[in-house]
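Below you'll find the structure, written out as structure tokens, and then a few comments.
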Amino acid sequence: MGPFAGMLRCVVLIPLLSPCLCLAEAHPVPLDEHSSCVECHADLVALEHVHPAVKLGCTSCHVVENRENVTYVALKSAGGGVCWQCHPREKLLRAHFPYASGMCMKCHVPHASANPRLLRAKVNDLCLSCHLHTRETAPSRYMPTIELTLNNTVGHPYQRHPVGGYPDPLAGGEMSCISCHLAHGGTKLHYLKMGSEIPEDALNQNTETKSMCEQCHMRLWGLDGEAAGKGKKKKVSKAATLTR
């Protein structure tokens, strides 16, 4: 075996023997097990929503090793593996591609965020960063896109339906993509919370079905059981007016 072949063999074996270190980055200053990461990285936890794992210590997700007077810091597992140690992956019939691929940090930040669920942005801004159809959007059979109007607040699943900036009739707060869709995936087409498609009688006030669409629209019209039984007419919201 020549010297080059021997060197190549070592290069191939090193990543296999130490998979964490091959992804590690050299830290600017030496660290040990007593070092407080937050002293220098306070900005990572200075937001409203902090990952509970931070309180458990940085070594709950990271590996810190010293070699030849250099400190290397790496994740315990690559990709979503480190997340699934605490958040077991769900077995979903239809899984959202980033979730199924372990691309947790495509949507979430690992340490702290100004948004609930450690999201990188507000729900609709985050979803539309991939799924909004614009003139610059390249068509793809693998990436479904939607067209919206009125500052991206109206237009899905049909032209006058609100998607943001309006009250959520069921969950309260502001309507968003996750008012109807499940972020990680589910059992229904398009990751819908209920119903695999919009039924033809979605706007029929006499319908007695319990699909996702009827639950919203019957409540908007005051036909959601309790209000209808008492004969009270509920105030029609801005969202209801828009969908008529």
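The values are calculated or read from the model by the stated rules, or taken from the named source; none is laboratory data. The structure displayed is predicted, hence computed values, not measured ones. Note that each Cβ is placed from the backbone with ideal geometry, even for glycine, and that neighbours are counted across all protein chains shown. What goes into the accessible areas is simple: the full protein's heavy atoms, side chains included, and nothing from ligands, DNA or RNA. Shrake-Rupley method; radii C 1.70, N 1.55, O 1.52, S 1.80 Å.
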Count - residues of the stretch 138-170 that are touching a His at 6+ places or on another chain (Cβ under 6 Å) and open to solvent by 80 Å² or more (accessible area, probe 1.4 Å): 1
Pick from the stretch 48-72, criterion of a type outside the set (S, T, N, Q) and open to solvent by 80 Å² or more (accessible area, probe 1.4 Å), ranking: modelled with the highest pLDDT: GLU48
Which numbered condition ALA121 misses (of (1) in contact (Cβ under 8 Å) with a residue 12 or more places away in the chain; (2) touching a Ser or Thr at 6+ places or on another chain (Cβ under 8 Å)): (1)
Check on VAL109, modelled with pLDDT of 85 or more and surrounded by 12 or more Cβ atoms within 10 Å (Cβ to Cβ): yes
Extreme residue, most open to solvent (accessible area, probe 1.4 Å), among residues of the stretch 171-219 that are of a type in the set (Gly, Ala, Ser) and at pLDDT 80 or above: ALA171
Some residue of the stretch 128-137 being within 15 Å of the chain's Cα centre (by Cα), within 20 Å of LEU92 (Cα to Cα) and either open to solvent by 60 Å² or more (accessible area, probe 1.4 Å) or modelled with pLDDT under 95 (or both): no
Qualifying residue in the stretch 158-179 (condition: over 24 Å from GLY222 (Cα atoms) and part of a loop (DSSP other than H, G, I, E, B)): no
